[in-house]
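Engineer: Could you have a look at this structure, given as structure tokens, before my questions?
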Amino acid sequence: MYRFWQEFKRFFRKGDTVLLLLCMVITSFGIVMISSATNHMGSTRFIIIQLAAAGLGILMYAIISSIDADVLAERRTSLVMFNLFMLLLLIPFGTDNNSGNRSWLDIPLIPFDIQPAEVCKMFFIVTMASVMKEHQSGISGIKSILHMVFHLGLLVGLNMALSRDAGVSLIFVFIFIGMAFAGGVSLLWYLLAGGAIAAAWPFIWNVMDQHQRNRILILFDPTVDPLGIDERFHSKRSLLSLTGGGTSGQGLFEGIRTQSGALPAQHTDYIFSAIGEELGFIGCALVLLAEFLVVARCIQIGNRTNDYMRRMICYGAASALIFQVLSNVGMCIGVTPVIGLTLPFISYGGSSIVSLYAMLGLVSGVHARPESEIHELYIRPRRY
């Protein structure tokens, strides 16, 4: 505990303040956009909640940054058990929170809902990095792949069984793919996985709900909901708003659909479309540039360390951000299915903001301690 406090006090000297400032700038812009997107229904409550979540997120960034990655990795079993516990809380306290998926926790005496899968994201990255380091010398071996797939399947399987939230589950899958690719897993495994998915696709398609199938079909088949009153409704409204801003937009707090509330989920899932309407192509481009800078910073820090596990942690965080940005923006422009993922640091959502800052606290910790301390190296106990 004494050492933690010493590290915490030195956070501003050793932690990555550049990454933190980038995140704070994007978050500040997000709060302005949330204020505009919720103006028609009173934005005060949304702003207060987002500010409180951002403050808590910054605190979590500093705390996680002050913990050595080796200390977290040593407690891999505890991290796995914590993730399972968070997801199992969906059984007594799960609620759909008007999202269509039972992926939120409504716990008595807690004044806000929690999305447990968002919390699990950070610990999943540490778990995967620890497992990969254990098998570093034979990362493409069957034993290594089975060990990695076990942890992925355990988390994704439980999350899908309890919440049926495919969007968040896909984040874990993309983190796994990104880390495995960066960690040196043979491309042969990707070909085998692709073949297995193709063979299993008819079964997967049959177990999917009809609305989930339609969300995929509308990308390719114009005969599905041609009037735009069902599955295509959100995408149609999103494109009308996004393209309605032109080059420079209609003006902040001036967007016709945004200010009338005609754009669905305009402060959460479709906030990128609200940005397009009010700030135009220029605003959207600047947002994507800012998100790219955060991803690039994570990759840069990972490239600077010679420690395999720490490098995988940075790449895992970058993978999560890349998938969320591509999925959210793709959903808004109508090229990816609607899976309800937020735009990092911009969309409204306390769980999302806090978990993102905590996740990037891991990257800041790598920046502060790019290598294991010599006096800390010893033969570690076997972990599962």
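The values are calculated or read from the model by the stated rules, or taken from the named source; none is laboratory data. Fair warning: this is a prediction, and the values are worked out from it, not measured in the lab. With ideal geometry, Cβ positions are generated from the backbone for all residues, glycine too; neighbour counts draw on all protein chains shown.
Engineer: Here is a list: Ala62, Ala73, Ala54. Which entry is modelled with pLDDT of 95 or more and either in a helix (DSSP H, G or I) or of a type in the set (Val, Ile, Thr) (or both)?
Structural biologist: The unique qualifying residue is Ala54.
Engineer: State yes or no: is Ile34 in contact (Cβ under 8 Å) with a residue 40 or more places away in the chain, farther than 25 Å from Glu278 by Cβ, surrounded by 15 or more Cβ atoms within 10 Å (Cβ to Cβ) and not small (Gly, Ala, Ser)?
Structural biologist: Judged against the criteria, Ile34 is not a match.
Engineer: Just one of (1) surrounded by fewer than 11 Cβ atoms within 10 Å (Cβ to Cβ); (2) part of a loop (DSSP other than H, G, I, E, B); (3) among the β-branched types (Val, Ile, Thr) trips up Ile204, so point out which.
Structural biologist: Going through (1) surrounded by fewer than 11 Cβ atoms within 10 Å (Cβ to Cβ); (2) part of a loop (DSSP other than H, G, I, E, B); (3) among the β-branched types (Val, Ile, Thr) one by one, Ile204 breaks only (2).
Engineer: Output the residues belonging to the stretch 255-308 that are under 20 Å from Gly42 (Cα atoms) and basic (Lys, Arg).
Structural biologist: Within the stretch 255-308, Arg257 is the sole residue that qualifies.
Engineer: On to the next question. Is it the case that the stretch 61-70 has a residue that's of a type in the set (Ser, Thr, Tyr), in contact with a Ser or Thr (Cβ under 8 Å, 6 or more places away or on another chain) and under 25 Å from Cys298 (Cα atoms)?
Structural biologist: The answer is yes, given that some residue of the stretch 61-70 is of a type in the set (Ser, Thr, Tyr), in contact with a Ser or Thr (Cβ under 8 Å, 6 or more places away or on another chain) and under 25 Å from Cys298 (Cα atoms).
Engineer: Which ranges mark the helices (runs of 4 or more DSSP H) fully within the stretch 87-165 that have 1 or more residues being under 20 Å from Leu356 (Cα atoms) and among the polar types (S, T, N, Q)?
Structural biologist: Details: elements: 90-93, 116-134, 142-163.
Hits in the stretch 87-165: 116-134, 142-163.
Engineer: Of all residues in the stretch 292-318, which are assigned to a loop (DSSP other than H, G, I, E, B) and of a type in the set (Ser, Thr, Tyr)?
Structural biologist: Thr305
Engineer: Could you list, in sequence order, all residues of the stretch 243-292 that are touching a residue at least 60 places away in the same chain (Cβ under 8 Å) and of a type in the set (D, E, K, R)?
Structural biologist: Result: Asp269, Glu278, Glu291.
Engineer: Consider the stretch 207-227. How many of its residues are part of a loop (DSSP other than H, G, I, E, B) and under 17 Å from Asp269 (Cβ atoms)? Show your work before the answer.
Structural biologist: Step one: of the stretch 207-227, the residues part of a loop (DSSP other than H, G, I, E, B) are 208-209, 218-227.
Adding the requirement that they be under 17 Å from Asp269 (Cβ atoms) leaves 218-219.
Selection size over the stretch 207-227: 2.
Engineer: Please identify the pairs in which a residue from the stretch 213-226 that is without any contact (Cβ under 8 Å) to a residue 60 or more places away in the chain and farther than 14 Å from Val338 by Cβ has its Cβ atom under 9 Å from the Cβ atom of a residue that is assigned to a loop (DSSP other than H, G, I, E, B) and of a type outside the set (Ser, Thr, Tyr), counting only partners at least 6 apart or on another chain.
Structural biologist: Pro226/Arg232
Engineer: Within the stretch 252-272, identify whether any single residue is outside any loop (DSSP other than H, G, I, E, B), aromatic (Phe, Trp, Tyr) and surrounded by fewer than 23 Cβ atoms within 10 Å (Cβ to Cβ), and answer yes or no.
Structural biologist: Checked the stretch 252-272: no residue is outside any loop (DSSP other than H, G, I, E, B), aromatic (Phe, Trp, Tyr) and surrounded by fewer than 23 Cβ atoms within 10 Å (Cβ to Cβ).
Engineer: Considering (1) buried (at least 18 other Cβ atoms within 10 Å of the Cβ); (2) among the hydrophobic types (A, V, I, L, M, F, W, C); (3) out of contact with any helix residue (DSSP H, G or I) (no Cβ under 8 Å at 6 or more places or on another chain), say which one Phe93 fails and leave the rest.
Structural biologist: Result: Phe93 fails condition (1) only.
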